[in-house]
Amino acid sequence: MIRRDFFRWLMASSTLLGIRSLRAQDTPTGHPDHETVEAKPAAAAPPSEQAGTGDFLPVETPDIPKLPWRLENGVKVFHLIAEVVKREFKPGWSFDVWGFNGHMPGPTIEVRQGDRVRIVVENRLPEPTSMHWHGFEIPFAMDGVPGVHQDAIPPGGKYVYEFTLHQHGTFFYHSHMAMQEMMGMIGLFIMHPKEPYQPRVDKDFGLIFQEFAILPNNSVPNSLSMEFNWLPINGKVGPATTPLIVRRGDRVRIRMVNLGMDHHPIHLHGNTFYVTGTEAGRVPEAAWTPANTVLLGVAQARDIEFETKYPGDWPLHCHLPHHMMNHMASMVGPLAHAGQGLHAGMGMTEGMGMPRQGHALSEEQGPSLGRTMGGGSDLEKRTAHLPPHGRHGAGVQPPRVPGYPQDMFMADDEAVAKPETQGLRTGWSGGIQGMMTLVRVLEPDQYEKIKALQAQAAKGKPKRRTPPHHHE
Ligand SMILES: [Cu+2]
């Protein structure tokens, strides 16, 4: 439909849904009340958290784009399209998950405290959905739980949410269908305060922690599973997660959100941080406590802040051992014997490492659990043609022990190379697996070098998807 029709539809929907029409007093202060402007990302605001002008330092959400918006009579209008998306967790491992606007997790919504927002949610999934605004103090009618106060949005349908935001902090949006949460349907919703937080930060990052159960030879998550073998941060698993780049001396904030079945103790190496925010907003400074590990419970958000004093490439990761690997590859134990052929595609129980017969580390069952065989076994020879899962990077091949799986240390720096990994020690990728990323505290010269590479890479990127009404 053309733009005029779209807005006519929007107005009609608003009336049907009982959303009051927009009046002058609904316009948040400081926002020009004019006609449609070009959609632009919230990140277009100048980075000046310290200025106290109401502008904010944009949050960096590696591997997740910002959701563009357009100003419509003082209301920030967003479009979220729920759909099936293809997401590459790491090179060679793409999965069919559910997300928004072509991304999983969904694009980041970034607004200011006091903003009025209208979010048009379109359902392109094969089943009904709805959108919940987690922790938002908004009218009951906007809470997004199907059945309780609205009908679910049918496939092909739309629903318009509209509210004014008086809170500030790290929030998120997610489908209120439990199984859809386990398919990936979440996104960050950052509300910047009217008055900047003190002390100011130089860097502000946002990370979403998720878990998926994806059986061997499958690309679709098993949302019923209680065991998880893929644990992405912002839709990427280590070593494909994008390191957080900071300059030594910077004050850094990292906002973390968990939507899954498990709580994650998130540990930062080599630094002491303070927990400065929860899913409900800012913690008063008097209540800050020092830590290097913070329990990020399901449906919780935790903001941490620290001064970067120590140069280094510091791991930030979930400390649950099973969450520090990919595909739940077993790392220890001898191979029973050489099998006949590569077994794969087992049932859920066996596939998740709980076989009814035999043991998970055997050569028959091991491959189904994602093991990479080594030590010159027959099986290794037969699987030598397979994709680079378990391939050892040049110069970092550990000694091989015949009869043992050789997946204890898998480095492939080249496959995950990007500006943010420039200058890391050869073989680094072998130590960054699963729910893990790096906080790289760099000296100014190296910091500038990477920033230049990032800018160069951004130029080559294709343009963002435009809102749907442009091509309907
Ligand atoms: Cu964990």
Out of region 297-318, which residues are within 26 Å of Trp133 (Cα to Cα), assigned to a strand (DSSP E or B) and within 19 Å of the chain's Cα centre (by Cα)? Ala301, Arg302, Asp303, Ile304, Cys318
Any pair with Cβ under 7 angstrom, 6 or more apart, that starts in region 209-233 at a residue that is touching a residue at least 24 places away in the same chain (Cβ under 8 Å) and on the phi < 0 side of the Ramachandran plot and ends at one that is hydroxyl-bearing (Ser, Thr, Tyr) and within 16 Å of the ligand (Cβ to nearest atom): Ala213/Ser225; Ile233/Thr241; Ile233/Thr437
With the requirement that a residue be under 18 Å from Val252 (Cβ atoms), of a type in the set (Ser, Thr, Tyr) and under 22 Å from the mean Cα position of the chain (by Cα), what does region 425-460 give you? Thr437
Please find, within region 84-102, the residue that is surrounded by the fewest Cβ atoms within 10 Å (Cβ to Cβ) out of those that are touching a Lys or Arg at 6+ places or on another chain (Cβ under 8 Å) and closer than 15 Å to Tyr173 by Cβ. Asn101
So, Gly281, is that one within 28 Å of Phe78 (Cβ to Cβ) and small (Gly, Ala, Ser) or not? yes
Looking at region 274-295, can you tell me whether even one residue there is under 22 Å from Leu424 (Cβ atoms) and touching a residue at least 60 places away in the same chain (Cβ under 8 Å)? no
Of those in region 230-277 that are over 16 Å from the mean Cα position of the chain (by Cα) and within 12 Å of the ligand (Cβ to nearest atom), the residue nearest to Gly423 (Cα to Cα) is His267
Report yes if Thr289 is β-branched (Val, Ile, Thr), under 30 Å from Glu443 (Cα atoms) and more than 13 Å from the ligand (Cβ to nearest atom), otherwise no. yes
Just to be sure I understand, how many residues within region 195-215 are more than 16 Å from the ligand (Cβ to nearest atom) and either polar (S, T, N, Q) or surrounded by 17 or more Cβ atoms within 10 Å (Cβ to Cβ) (or both)? 11
Taking the condition part of a strand (DSSP E or B), away from the ligand (no atom under 14 Å from the Cβ) and surrounded by fewer than 22 Cβ atoms within 10 Å (Cβ to Cβ), does Val294 pass? no
At pLDDT 95 or above and in contact with a Phe, Trp or Tyr (Cβ under 7 Å, 6 or more places away or on another chain): which single residue out of Gly270, Gly312 fits that description? Gly270
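The values are calculated or read from the model by the stated rules, or taken from the named source; none is laboratory data. Keep in mind the model is a prediction, meaning the values are calculated, not measured. Cβ: placed from backbone, ideal geometry, glycine included. Neighbour counts: every protein chain shown.
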